[in-house]
Amino acid sequence: MNALASVVSDDTGPYRPSDSEPFMNERQQAYFKKKLMDWKDEILRESKGTVVNLKAETENHPDLVDRASSESDRALELRTRDRQRKLISKIDDALRRIEDGSYGYCEDTGEPISLGRLEARPTATLSVEAQERHERRERVHRDD
């Protein structure tokens, strides 16, 4: 078992961050780093499959409906991959924040982001409250 894996599991089973321990201690950082790296690896594996599928589907469909359906599927797949490319960038940013010690802290307030929020959205940079304020401001400016 490598060092990172030993930090995120032990004799009692898989490790889960807890509010009863110091925030963003070494074990929590290792947990979120592994979670982010696994997520990134999964996205990269899926994107390799997409490239293979897109190359395989270069056939010319004589039927217009089949061709339209194929083009629609291809466009949807490319949009999905574009969103995932942007997500990889956010994952890389989160991994950098782990390295520099700023991971888990709200960019607006400097306060800790709840472990529940980080568990659900490991790339989060704002606490729930700061995110809500941000979204309210966005709505107000959008309505202008």
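Yes or no: region 3-10 includes at least one residue that is surrounded by 10 or more Cβ atoms within 10 Å (Cβ to Cβ), under 22 Å from GLU99 (Cβ atoms), modelled with pLDDT of 95 or more and among the aliphatic types (A, V, I, L, M). No, region 3-10 contains no residue that is surrounded by 10 or more Cβ atoms within 10 Å (Cβ to Cβ), under 22 Å from GLU99 (Cβ atoms), modelled with pLDDT of 95 or more and among the aliphatic types (A, V, I, L, M). Restricting the first member to region 68-82 and to residues that are within 17 Å of LEU44 (Cα to Cα), and the second to residues that are surrounded by fewer than 12 Cβ atoms within 10 Å (Cβ to Cβ), the beta-carbon pairs closer than 9 Å and six or more apart or on different chains are ARG81/VAL51. The number of residues in region 104-144 that are of a type outside the set (A, V, I, L, M), under 21 Å from LEU36 (Cβ atoms) and part of a helix (DSSP H, G or I) comes to 4. I'd like to know if region 91-103 contains one or more residues that are surrounded by fewer than 15 Cβ atoms within 10 Å (Cβ to Cβ), basic (Lys, Arg) and assigned to a helix (DSSP H, G or I). Yes, because at least one residue in region 91-103 is surrounded by fewer than 15 Cβ atoms within 10 Å (Cβ to Cβ), basic (Lys, Arg) and assigned to a helix (DSSP H, G or I).
Is it the case, given these coordinates, that THR58 is at pLDDT 90 or above, assigned to a loop (DSSP other than H, G, I, E, B) and not basic (Lys, Arg)? So THR58 does not fit the description; no.
Yes/no matrix, rows are residues, columns are (1) among the aliphatic types (A, V, I, L, M); (2) more than 17 Å from the chain's Cα centre (by Cα); (3) at negative phi:
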| residue | (1), (2), (3) |
| --- | --- |
| ARG81 | no, no, yes |
| ARG85 | no, no, yes |
| SER89 | no, no, yes |
| GLY104 | no, no, no |
| THR109 | no, yes, yes |
| ILE113 | yes, no, yes |
| THR123 | no, no, yes |
| ARG133 | no, yes, yes |
| VAL140 | yes, yes, yes |
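The values are calculated or read from the model by the stated rules, or taken from the named source; none is laboratory data. The model shown is predicted, which means the values in this text are computed figures rather than measured ones. Note that each Cβ is placed from the backbone with ideal geometry, even for glycine, and that neighbours are counted across all protein chains shown.
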